[in-house]
Amino acid sequence: MRTILSLTLCVLLASQSGGAQTPAAELASDSKPIKIKRGSELNLVLAEEVSSATAKKGQTVRLELYEDWVVEGQVILPKGTSALGVVNQLMHAIPGKRDGVVDIKPVSIQLPSVGKLRLSDYPPGEDACGDMGPCWAFATIAFTVFLPLTLPALIVEGARPKDHRDGKDRILPVGYKVFTYTGRTIVLPARSLADPNTTK
């Protein structure tokens, strides 16, 4: 009798353990490729300090993801993944004349099974003004209306000493946020999605 009960118990336990594995198998089979559209936003931060006093235009700068990059509920790349940027604009500070200027342009980030993904400063079809229309409109208005009115004041201001300007260098600290967008549409195979525990 004990033998029969033991065999019955073993069969029940085996069937339960097999059923527990079924959801995981179904989840794996349900995974599918993910399409990432051009212009998808990424939040990056500086991984090193950049100063207008020491930087050179065009030099490479280390960036990293500020948070997990999640698309359709899947982690594409984990927080801290490295990215590449360059010093896009640079002006050294001149005491009594001007403050320093430094600007970072994101360039690329590495994706599994895809390689380097090009990054852009602005969404597709836009620039610093949002699109070219407002830029041209503002420039036209400025030259035809505002410039003649302000030209005398500009001449007087240019003749004055500019001691009121500190001539401070612009310093971008570690953790400074750099917003960027994907430069093209890509499709990631399901197996290429990042493992937050291994990808850096």
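The values are calculated or read from the model by the stated rules, or taken from the named source; none is laboratory data. As the structure is a prediction and not an experimental result, all values here were calculated from the model. Every residue, glycine among them, receives a Cβ derived from its backbone with ideal geometry; neighbour counts consider all protein chains shown.
Worth a mention:
- Counting residues in region 85-93 that are touching a residue at least 40 places away in the same chain (Cβ under 8 Å), touching a strand residue (DSSP E or B) at 6+ places or on another chain (Cβ under 6 Å) and closer than 28 Å to Lys35 by Cα gives one or more.
- Hey, Glu49 within 17 Å of Gly175 (Cα to Cα), surrounded by fewer than 17 Cβ atoms within 10 Å (Cβ to Cβ) and in contact (Cβ under 8 Å) with a residue 40 or more places away in the chain or not: yes
- Looking only at residues in region 161-200 that are at pLDDT 80 or above and of a type in the set (S, T, N, Q), the one that is nearest to Gly96 (Cα to Cα) is Thr180.
- Scanning region 62-89 for residues that are among the hydrophobic types (A, V, I, L, M, F, W, C) and closer than 17 Å to Leu119 by Cβ yields Leu63, Leu65, Trp69, Val71, Ile76, Leu77, Ala83, Leu84, Val86, Val87.
- Scanning region 165-188 for residues that are within 21 Å of Lys35 (Cα to Cα) and of a type in the set (Val, Ile, Thr) gives Thr180, Thr182, Thr185, Ile186, Val187.
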